[in-house]
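Heads up: the structure comes next, in structure tokens.
The values are calculated or read from the model by the stated rules, or taken from the named source; none is laboratory data. The structure displayed is predicted, hence computed values, not measured ones. Don't worry about glycine lacking a Cβ; one is built from the backbone with ideal geometry, like all the others, and counts go over all protein chains shown. We work out accessible area using only protein heavy atoms, side chains counted, and drop any ligands, DNA or RNA first. Shrake-Rupley method; radii C 1.70, N 1.55, O 1.52, S 1.80 Å.
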Amino acid sequence: GPKVLQIPSHQIIDMGQMVTLNCDPVSNHLYFYWYKQILGQQMEFLVNFYNGKVMEKSKLFKDQFSVERPDGSYFTLKIQPTALEDSAVYFCASRRDWGGDEQYFGPGTRLTVL
Amino acid sequence: QQKVQQSPESLIVPEGGMASLNCTSSDRNVDYFWWYRQHSGKSPKMLMSIFSNGEKEEGRFTVHLNKASLHTSLHIRDSQPSDSALYLCAASSSNYQLIWGSGTKLIIKP
């Protein structure tokens with residue numbers, strides 16, 4: 001089936017540094033999402049993105065977070081500067097269209113902030 | 001307040017038994033429901049979707065939807081240890097956003 005790829009699978013950085021998480025969505029998908037999940041807890045929506053713009057973001061999407069997809073390349077989540085509470089698994093998801101279309105998830109990037 | 005409520009939070013079912021999970025939306029604009037399954041350390045994978053009133057069966061899995069009450073349920077018969085996972089319910093209206101429940105943690109005891 002369609003695959004969403006995420007790079008890297010793990011990232012360890014020091015608090016205060018910048019990190020960029022990369023997502024390669026399914027090729028004909030138009031809607032892109034980032035989610036945050038702390039181990040054993042529920043998945044929490046961060047942001048969705050369509051046609052080069054943020055459509056909606058949650059309270060978890062702090063000012064230190066930004067997303068972009070320059071020229072149809074990777075869909076990225078940048079955190080600058082990072083904080084200890086940013087440690088989590090970040091899932092990227094994509095969807096061809098809205099309404100009844102399924103959302104496909106990438107395998108996640110485990111981010112550890114020391 | 002969570003717009004998609006799932007119950008129970010956790011459920012232990014003996015191997016071979018029936019697991020029943022519930023999900024209700026408080027958003028009357030919702031038209032579409034999905035059930036995703038997430039094994040520990042993995043990403044969520046879509047299990048079943050349901051958009052019309054009634055029932056849909058795929059193998060050991062059955063979903064029901066009552067659009068009037070915006071309630072969906074997932075039933076797993078002949079539960080296997082490999083069914084142990086976090087089950088997530090998602091709902092959407094005719095827009096780009098999926099609203100996720102907090103999940104039901106299902107444990108199948110051999």
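Of the Cα atoms belonging to chain A, the radius of gyration and Dmax stand at 13.3, 41 Å. For the pairs A:36/A:59; A:62/B:42; A:3/A:36; A:53/B:3; A:3/A:62; A:3/A:57, note any where the Cα-Cα span goes beyond 22 Å. Too far apart for the 22 Å limit: A:62/B:42; A:53/B:3; A:3/A:62; A:3/A:57. For region B:67-96, the residues whose backbone nitrogen is under 13 Å from a point 7 Å from the Cα of residue B:55, taken along Cα to Cβ, are B:73-77.
With a 1.4 Å probe, what is the total accessible area buried between chains B and A, in Å² rounded to the nearest 100? It would help to have the intermediate numbers written out before the result.
Numbers: alone 6070 and 6650 Å², together 11010 Å².
Interface area, both chains combined: 1700 Å², rounded to the nearest 100.
So if R0 is 25 Å, what FRET efficiency would residue A:73 and residue B:29 give, r being the distance between their Cβ atoms, rounded to the nearest 0.05?
Values: r = 34 Å, r/R0 = 1.37.
The value I calculate is 0.15.
Give me the percent of accessible area attributable to carbon and sulfur for region A:44-113, probe 1.4 angstrom. Please report the intermediate quantities before stating the final value.
Working: 1530 of 3360 Å².
For region A:44-113, the apolar C and S fraction of the accessible surface comes to 46 percent.
Note that the protein assembly as shown presents 49 Å² accessible area per residue, ligands and nucleic acids not counted, probe 1.4 Å.
Restricting the calculation to Cα atoms, the protein assembly as shown shows an Rg/Rh of 0.98 when the hydrodynamic-style radius is the Kirkwood one. Model label sites at residue A:30 and residue A:66, defined 7 Å from Cα along the beta-carbon direction, differ in position by 2.7 nm.
Taken residue by residue and averaged, Cβ atoms of other chains lying within 10 Å of the Cβ of A:26-39 number 1. At a threshold of 50 Å², the residues of region A:83-100 that become less accessible to a 1.4 Å probe in the full protein assembly than in their chain on its own are A:98, A:99, A:100. Model label sites at residue B:22 and residue B:109, defined 7 Å from Cα along the beta-carbon direction, differ in position by 2.2 nm.
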